[in-house]
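The values are calculated or read from the model by the stated rules, or taken from the named source; none is laboratory data. All of these numbers come straight from a predicted model, not from anything done at the bench. Here Cβ is always computed from backbone atoms with ideal geometry, including for glycine, and neighbour counts include all displayed protein chains.
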Amino acid sequence: MSKAGKRGKSGDVKGGPAGGGKWDQVLSSSSFQEESWNPCVTWIVGRQAEDSKHIEALNVIVQAGTRKLFSVVTKELLLADVRELGNPKNKKAKEIPANSEVCEACKPYVDSGEAIPVPLLAKLIKWKLMAIKTADLKRREVEAKAAAEKKKGAKDAKDATKERAKSPKKGGKKTPEPQTAKDGSKLRKRGEEDSDNKYIDDEPEDGSDHYILITGFHDPRLFQFLEEIKVSVDSVIGVSSQDYMPLKRPVQEGEPPAEPTEEDKKYEELQKELRVFWTDLLPLLQRLPDASSLHDIARLDYEVKALMVPTDPLDAEMKITATEEGKEPPSEQAPPSRPDGLNFHLASYLTSVAFKLGLSESEHQVLSEVLELPPPPPEEPSPPELINVQDDISNRTQHLQPHYGFDAAAVERVMLQFLPFAQLCRMQQRPTSAESRLRAARLQELIHHCARENLSKSGDISFLLAQGLCHTVKSISPIQKRPNLAKSSIKHLKM
């Protein structure tokens, strides 16, 4: 028996790979999304292995805590929690989140280097999401209590000021007024936390209550198992790069290829995981039942522009120097000027438009002198094309090349969809229960007549088949408008 299948001391791993015990039932049945607390769960996955560098930078920004409505769940941090809380001796009753026994169920897999089963991994992710929810609700409660106390203190100070403003008795001393901060002042009491400048409150006011980013998990089956334990993923964002050359690992030229290092193996494994994720994501979502909430997952793409990537991401001193000198970030710097005086953004737009035009070689060369057009791709001989003899459209249009986006064969096939016959050939909607019962009754009636012993003439069967065909013809409205077709059909039935 493997280490992952053994029973722990707490006895909570009795359920096998998916966990078990009281914590399993409580964790699986607890509600994550509520009407009073509606989060936005976003799954972030790179298109290529090199995009993980951008995702790591995003994780660092969110973990800095400058935005109180943003949290991130990474695979590395989650496995670190499993190593720490998976051992009951390391637990402290006042600090651990609820249902942390799930870490004990996952720890044997992490220690042995095996992959955590997907159902158990989904519960581990939900455990972390519930911890984020608890922390956010506690923060909101503390902020509401602090705001109420601040409001009450301001009211008490105002009432005390009114009492002291009354004229004192003769011979009495006037009590000096305590120094209080005026309304709108930025002065704080000693030991008071500067909550106004601690966070960057740039989240939308009408958005979600909390934004949770999940990174490092590349198995689309997690979405289905998370749905089973009442966690819905709202969106999947695919991160790509405009230029992958600065992200590529340097390769020493002239050296013989050495054996793959541990870093090379991790790179190939990550590349394979990403390829499988994007290949299996859409088919997995499409084969789910219609009532599944996974059909509502928004699939988005974000491309990291080359202008946003620093020259040396590891040079922290260069970043600090730029901040101290008040330099603008690369994304906010003014675009470079052109010698011809043309606007940089206008020239980029004209370049993208001109690249899509069907230009000849001479026209392409003339525009290349003004705009930065890439060289035209070489014309490669196309392979032989197989055409069906009965495909009249392809036989007539195969020699025509697309001209300025106009494809004669494609347009003619689209026009065929507007013919009445094409509309009749389209798949009809699923019949209602009443129609299904009526069809079953007609079929039963036909079987009853065909099974009679005294059925000697084939005319009765022909009459029943003709009657069924008439019902079918009657349900087609376009044929009713053509009396010639109707008469010929009836004449055929009489024959």
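Based on this model, can you work out whether Val233 counts as assigned to a loop (DSSP other than H, G, I, E, B), in contact with a strand residue (DSSP E or B) (Cβ under 7 Å, 6 or more places away or on another chain) and at pLDDT 80 or above? Yes: the conditions hold for Val233.
Within the range 339-369, track down each residue that is in a loop (DSSP other than H, G, I, E, B) and not aliphatic (A, V, I, L, M). First the steps, then the outcome.
First, the residues of the range 339-369 that are in a loop (DSSP other than H, G, I, E, B): 339-343, 356-360, 369.
Listed by number, the residues that qualify are Pro339, Asp340, Gly341, Asn343, Lys356, Gly358, Ser360, Glu369.
Anything in the range 23-67 that is in contact with a Gly (Cβ under 8 Å, 6 or more places away or on another chain) and outside any helix (DSSP H, G or I)? List them, or say none. If the condition is that a residue be in contact with a Gly (Cβ under 8 Å, 6 or more places away or on another chain) and outside any helix (DSSP H, G or I), then Cys40, Val45, Gly46, Arg47 are the ones that fit.
Count of the range 301-316 residues, restricted to those that are surrounded by 11 or more Cβ atoms within 10 Å (Cβ to Cβ) and either part of a strand (DSSP E or B) or at pLDDT 90 or above (or both), is 3. Checked against the criterion of being in the same structural domain as Gln25 (by TED's automatic domain parsing) and either within 21 Å of Asp209 (Cα to Cα) or exposed (fewer than 11 other Cβ atoms within 10 Å of the Cβ) (or both), the range 144-154 contains not a single residue that satisfies it. None of Gly113, Gly153 is modelled with pLDDT under 90, out of contact with any Leu (no Cβ under 9 Å at 6 or more places or on another chain) and more than 25 Å from Phe277 (Cα to Cα) except Gly153. If the condition is being in contact (Cβ under 8 Å) with a residue 24 or more places away in the chain, farther than 20 Å from Ser30 by Cα and in a helix (DSSP H, G or I), then the range 107-145 contributes Lys107, Pro108, Tyr109, Val110, Asp111, Ser112, Arg139, Glu143. Of all residues in the range 214-230, those satisfying the criterion of being surrounded by 19 or more Cβ atoms within 10 Å (Cβ to Cβ) and not in a loop (DSSP other than H, G, I, E, B) are Ile214, Thr215, Leu222, Phe223, Phe225, Leu226.
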